[in-house]
């Protein structure tokens, strides 16, 4: 009888059963936790997936300047108007704390901002579309991310932000939309860095 019980215990704790339980736990975590999903996507970024699609020259020429004024507000209530940023390359990331691809790409945006720190030709704005600066500030502090946080203080043209987040856009020094990417991406990608450098030197 004891031998039979030991055999059943061994069957219960077999590698196959343990791995099945782990897979189920992982699947549930992926289903219910944006943080876990974000970490998985971030890992995939590190192996070369989720790269930003850079525009071809003809696409850049076809892009237009929005006539609408777009205004953002930081945690102190200070407003930033896009029209006041002409003469600089502007990188804007629209995101939310519950969005897994947003979570995944945030470290690469942090690295991008860090790489260009001190370069007054590039401005990085991260815009919480949920309009909850307190929550997004906690998110940044918890992950040791040093990025300027804003919420919207005006409407945003659909050319800049549709119905998908994350959405990242880049405006050149004339205020012209030259890059738009919907979905998570690795912004430490060499081609993207070269693209930003080229824009900042124009």
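The values are calculated or read from the model by the stated rules, or taken from the named source; none is laboratory data. The model shown is predicted, which means the values in this text are computed figures rather than measured ones. Methodologically, a virtual Cβ is constructed for each residue, glycine included, from the backbone with ideal geometry; neighbour enumeration extends over all protein chains shown.
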Select from the stretch 75-92 the residues that are surrounded by 16 or more Cβ atoms within 10 Å (Cβ to Cβ) and under 10 Å from residue 150 (Cβ atoms) and list them in ascending order.
80, 92
Taking residue 191 as meeting all but one of (1) over 14 Å from residue 105 (Cα atoms); (2) surrounded by 15 or more Cβ atoms within 10 Å (Cβ to Cβ); (3) in contact (Cβ under 8 Å) with a residue 60 or more places away in the chain, write down the number of the exception.
(2)
Only one residue in 120, 172 is assigned by TED's automatic domain parsing to the domain that holds residue 68, surrounded by fewer than 18 Cβ atoms within 10 Å (Cβ to Cβ), touching a residue at least 24 places away in the same chain (Cβ under 8 Å) and more than 15 Å from the chain's Cα centre (by Cα), so which one is that?
120
Within the stretch 123-138, tally of residues that are surrounded by 21 or more Cβ atoms within 10 Å (Cβ to Cβ) and in contact with a helix residue (DSSP H, G or I) (Cβ under 8 Å, 6 or more places away or on another chain):
2
I'd like the residue in the stretch 148-165 that is within 17 Å of the chain's Cα centre (by Cα) and at pLDDT below 95 and, out of all such residues, is surrounded by the fewest Cβ atoms within 10 Å (Cβ to Cβ).
163
Given 179, 139, which one is in contact with a strand residue (DSSP E or B) (Cβ under 7 Å, 6 or more places away or on another chain), modelled with pLDDT under 95 and either over 19 Å from residue 85 (Cα atoms) or not in a helix (DSSP H, G or I) (or both)?
179
